[in-house]
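The values are calculated or read from the model by the stated rules, or taken from the named source; none is laboratory data. Predicted model only: the values in this text are computed from it and were never measured. Ideal geometry is used to build each Cβ from the backbone, glycine not excepted, and the neighbour counts take in all protein chains shown.
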Amino acid sequence: MKAEEKAAKQRLSVLEPAKALGNVSGACRQRDMTRTQFYEYKRRFQTHGVEGLKDLPPIHHHNPFTTPQAVVERILAPNHFSIRPGIRYDSGAYQRGGP
């Protein structure tokens, strides 16, 4: 039995006693589970069946401050513009006058 199936079976084992007892709090206490978790599993079981009780894949979060890929490519692309040499000053223009 895979880990996903084992987790689904454990979660289902909480839903069944709650229905039999008619007491959600008691069933949750027996399985050391919060009522919030119980109702989440119940909702997933009602909508998706046993497949809904399996572990969900991780959620990949998107960082809104990530630089767009097109901008990154432009920054990393080689610069094909020629670099102009700086202005050349006559070295004599900056010499101090005087004795």
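Residues in segment 24-61 that are in a loop (DSSP other than H, G, I, E, B), surrounded by fewer than 13 Cβ atoms within 10 Å (Cβ to Cβ) and on the phi < 0 side of the Ramachandran plot: 8 in all. Of the residues making up segment 18-67, those that are without any contact (Cβ under 8 Å) to a residue 24 or more places away in the chain and hydroxyl-bearing (Ser, Thr, Tyr) are Ser25, Thr34, Thr36, Tyr39, Thr47, Thr66, Thr67.
Scanning segment 32-53 for residues that are closer than 18 Å to Ala3 by Cβ and either basic (Lys, Arg) or in contact with a strand residue (DSSP E or B) (Cβ under 6 Å, 6 or more places away or on another chain) (or both) yields a count of 1. Criterion applied to Pro64, Pro78, Pro85, Pro58 was being under 30 Å from Lys9 (Cα atoms), modelled with pLDDT under 85 and not β-branched (Val, Ile, Thr), and the one residue passing it is Pro58.
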